[in-house]
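Quick note: the coordinates plus some simple rules give every number you see, no bench work behind them. Predicted model only: the values in this text are computed from it and were never measured. Quick reminder, even Gly has a Cβ in these numbers, built from the backbone with ideal geometry, and neighbours come from all protein chains shown.
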Amino acid sequence: GAEGEMVITNLGRICSPVIRYRTGDLIHPSSRSCACGRPFSLLEGGVIGRADDMIVVRGVNVFPSAIENVIREFPEVEEYRVETFERQAMRELKIIVEPGDQQNSTVGLAEQIAALIRQRIGLRPEVEIVAPGSLPRFELKARRFFKL
């Protein structure tokens, strides 16, 4: 994984008597002790992603959960889709954003999202705004990350 990240093992499953190795969950462990007094390791930010979901874009490890965390900071975004593709032998990132039906202006929204992605993740994605209702909806786990 990336520097400072580890893969954890799930030991807390009551219904699974067998220890499961390499769950694929990525975490940032902390060496500081918990204020509550528990002796267990602290996980900064909880589970930050899955090793099998990661994709490398221009040398940066990108997790779908990291992109979702940024996009969900914009209440005007109703749905989104992430596409990765190769251009001139380099993997690129494109984020397609669908605003809600509210009357709020989306002027500058693409630039704001791109700037926050650059600040938090270290990439300059292409961000495209599409009309409300144009992206598919899912009842269960949404598939929003596409490798083209």
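Using a simple spin-label model with points 7 Å from Cα along the Cα→Cβ vector, what separation in nm is obtained for Leu116 and Arg32?
Taking the two extended label points, one gets 2.5 nm.
Non-local amide H neighbours of Leu42 (under 5 Å, H modeled in plane, Pro and chain starts lacking H): which ones?
Ser30
Skipping prolines and chain starts, which residues have an amide H placed within reach, meaning under 5 Å, of the one on Leu123, given they are 5 or more residues away or on another chain?
Arg118
What are the ³J(HN,Hα) couplings of the range 76-92, residue after residue, when phi is run through the Karplus curve with 6.51, -1.76, 1.60 and θ = phi - 60°? Round to Hz, x for glycine and proline.
6, 8, 8, 8, 8, 9, 10, 10, 10, 8, 9, 9, 6, 6, 10, 6, 10
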